[in-house]
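The values are calculated or read from the model by the stated rules, or taken from the named source; none is laboratory data. All of these numbers come straight from a predicted model, not from anything done at the bench. Neighbour counts are summed over all protein chains in view; Cβ atoms, including those assigned to glycine, are modelled from backbone coordinates with ideal geometry.
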Amino acid sequence: MSLLAIAAWLSELSNWTLFVWSGRLLGLLFVPLVLLERSARPLSAVAWILALLFVPYLGVIFWWLVGRNHFERTRRRRARLRRLHSRRMEEIDGVSRADVAPPQALYEEHGLFPPTHSNSVTIFGDATQAFDAFASAIERAEDHVHLLFYVWKPDQTGRRFRDLLTDAARRGVEVRALYDYVGSVRMSRSFLSPIEEAGGRVAPFLPVRLWEPQSRANFRNHRKFLIVDGRCGFTGGVNLADEYLEWFDTAYGFAGGVVHQMQELFAEDWYFATGEDLADARYVPELSDGDTLKERSPQLLSHFLGGPAPDVEGAAARMVASGPDEQVDRVHKMFFQGINSARQRLHIITPYFVPDYAILTALETAALAGIDVRIIIPARSDVPLTQHAGRFYWERLLLVGVRLYEYRRRVLHTKLMLVDDDQVIVGSANMDIRSFRLNFEANCVLESKEMNRRLHDLFFNALNGSDEIDLETFRARPFSARFKEGTARLFSPLL
């Protein structure tokens, strides 16, 4: 058929027909991308292909916004900081890295940190305690302050920390502050300009740009870090905003080798956002100072907190982090391994519970094996869609003996997993698909009976403020609730 004949045929078609077939052609062009991105998840691939073929224009826009589940980011040369980190670990633990070759190989090749020992930890049971501890550490900084939070709002709490960082920069402390662009969408550069005017540096993580070949808005940095002088570090669920003062949330302060691991994670994110490489010995300082770390880390933590002794001393700890730029979902594997390692009890608090098939099966298997599995989720959530999606899975869990509780006192934002009487997992990750695959997350895995005991006290206090879910009552919920849950579940890969 000649070009003239094709042009004549097209001119005879109605505008609507052209619109429909152009859309279908556009959708077909995106099918190969779906097959490549979703090769390991066939059901997800089928759903995307149907969307591209039957609602092509919306499907293409939606794919551009949220379709990707992996992206590449420019990485700094890690070798120098890792050599420094490895040498510091030898100084701290008193063993050669050659003696722990398999963990070290995993560290070098896959970024899986080895365990560190003799860490001191302080638990902050609410945001008021956490914010005061953050402020105390920043005020005592002598060399540098590194801060990364998913949410930083220009409210009273946000101004408090902006001013603290500004004061630190004015007295000659190196200040670097990183915030997630979408999580801190209300943040403006003018609000943070006092930090930069005082000599500090501020940067957004993954700013959204409409001219990108494909949107990265769905990939967010959900980590929470405050690292002071490379000797004291904080992580947990708390963000820098007023509402956290009213919510049930927790944070944790550390001194010891695990702080170096937090520092490396911050350095990776900072390099991606700014291009500045922090591979320098000043950021992974010696922690022993002539003493054993077991003697030194409690003193360090007490110093930065302004006096109180740590809640826990001598804990073994490692950071586990993952993100959409990694081939291995390490945070997902961490939760999976934690569930499967339980032998007596498995107690979980999570504000967003949307498990994938592997986590759901692991929880069911644990309960069927006679393990005491209890999960506390919020009675009211700041993200109702996630709450409805999570309830879709409740009946399966209740049938096999998992005990579910809705926390009723406040908005729940704590993230906690307690395994038996000695393992603890805390940090930024929720037990949902977004944390498993789409967010940059970082959790701390600790081996400590004392830490486990103290956080079990917190768990049972939360349990006293919760209502247990009864299977028969839940089954009797109205059709409208079931419809909401089923609809919300369709969006579970994004939640």
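Structural remarks
- Only one of Val328, Val320 that is surrounded by fewer than 15 Cβ atoms within 10 Å (Cβ to Cβ), within 23 Å of the chain's Cα centre (by Cα) and either touching a residue at least 24 places away in the same chain (Cβ under 8 Å) or in a helix (DSSP H, G or I) (or both): Val328
- Test: Glu447 is closer than 30 Å to Ser120 by Cα and at pLDDT 95 or above: yes
- Taken over the stretch 116-138, residues that are in a loop (DSSP other than H, G, I, E, B) and in contact with an Asp or Glu (Cβ under 8 Å, 6 or more places away or on another chain) amount to 1.
- Within the stretch 374-407, the set of residues being basic (Lys, Arg) and crowded, with 18+ Cβ neighbours inside 10 Å comprises Arg374, Arg391.
- Test: residue in the stretch 365-378 that is more than 20 Å from Gly427 (Cα to Cα), assigned to a loop (DSSP other than H, G, I, E, B) and not β-branched (Val, Ile, Thr): yes
- Residue check for Ser297: touching an Asp or Glu at 6+ places or on another chain (Cβ under 8 Å) and more than 23 Å from Ile138 (Cβ to Cβ): no
- Asp277 at pLDDT 90 or above, in contact with a helix residue (DSSP H, G or I) (Cβ under 6 Å, 6 or more places away or on another chain), farther than 17 Å from Lys415 by Cβ and acidic (Asp, Glu): yes
- Of all residues in the stretch 455-473, those that are surrounded by fewer than 14 Cβ atoms within 10 Å (Cβ to Cβ) and touching a strand residue (DSSP E or B) at 6+ places or on another chain (Cβ under 7 Å) total 2.
Residue-by-condition table, conditions (1) within 22 Å of Gln129 (Cα to Cα); (2) of a type outside the set (D, E, K, R); (3) assigned to a strand (DSSP E or B):
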position: Ser297; (1), (2), (3): yes, yes, no
position: Phe304; (1), (2), (3): yes, yes, no
position: Ala315; (1), (2), (3): yes, yes, yes
position: Lys333; (1), (2), (3): no, no, no
position: Asn340; (1), (2), (3): no, yes, no
position: His347; (1), (2), (3): no, yes, yes
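- Matching residues in the stretch 156-197 - criterion: being surrounded by 21 or more Cβ atoms within 10 Å (Cβ to Cβ), touching a Ser or Thr at 6+ places or on another chain (Cβ under 9 Å) and charged (D, E, K, R): Arg176
- Counted residues, the stretch 423-459 - those being in contact with a Leu (Cβ under 9 Å, 6 or more places away or on another chain) and of a type in the set (Asp, Glu): 1
- Looking only at the stretch 203-218, and only at residues there that are within 18 Å of Tyr271 (Cβ to Cβ) and touching a helix residue (DSSP H, G or I) at 6+ places or on another chain (Cβ under 6 Å), the one that is modelled with the lowest pLDDT: Phe205
- Against the conditions (1) modelled with pLDDT of 95 or more; (2) surrounded by fewer than 22 Cβ atoms within 10 Å (Cβ to Cβ); (3) not acidic (Asp, Glu), Trp270 satisfies every one except (2).
- Which numbered condition Ile348 fails, given (1) closer than 26 Å to Trp247 by Cα; (2) modelled with pLDDT under 95: (2)
- Scanning the stretch 194-202 for residues that are modelled with pLDDT of 95 or more, part of a helix (DSSP H, G or I) and β-branched (Val, Ile, Thr) turns up at least one hit.
- Qualifying residue in the stretch 408-415 (condition: touching a Leu at 6+ places or on another chain (Cβ under 9 Å), assigned by TED's automatic domain parsing to the domain that holds Ala342, crowded, with 21+ Cβ neighbours inside 10 Å and without any contact (Cβ under 8 Å) to a residue 60 or more places away in the chain): no
- Against the numbered list (1) crowded, with 21+ Cβ neighbours inside 10 Å; (2) in contact (Cβ under 8 Å) with a residue 40 or more places away in the chain; (3) within 25 Å of Arg140 (Cα to Cα), Gly233 comes up short only at (2).
- Per-region count, the stretch 139-158, residues assigned to a helix (DSSP H, G or I) and under 26 Å from Asn439 (Cα atoms): 2
- Hits in the stretch 376-407 - residues which are hydrophobic (A, V, I, L, M, F, W, C) and in contact (Cβ under 8 Å) with a residue 40 or more places away in the chain: Ile376, Ala379, Val383, Leu385, Ala389, Phe392, Trp394, Leu398, Leu399, Leu404
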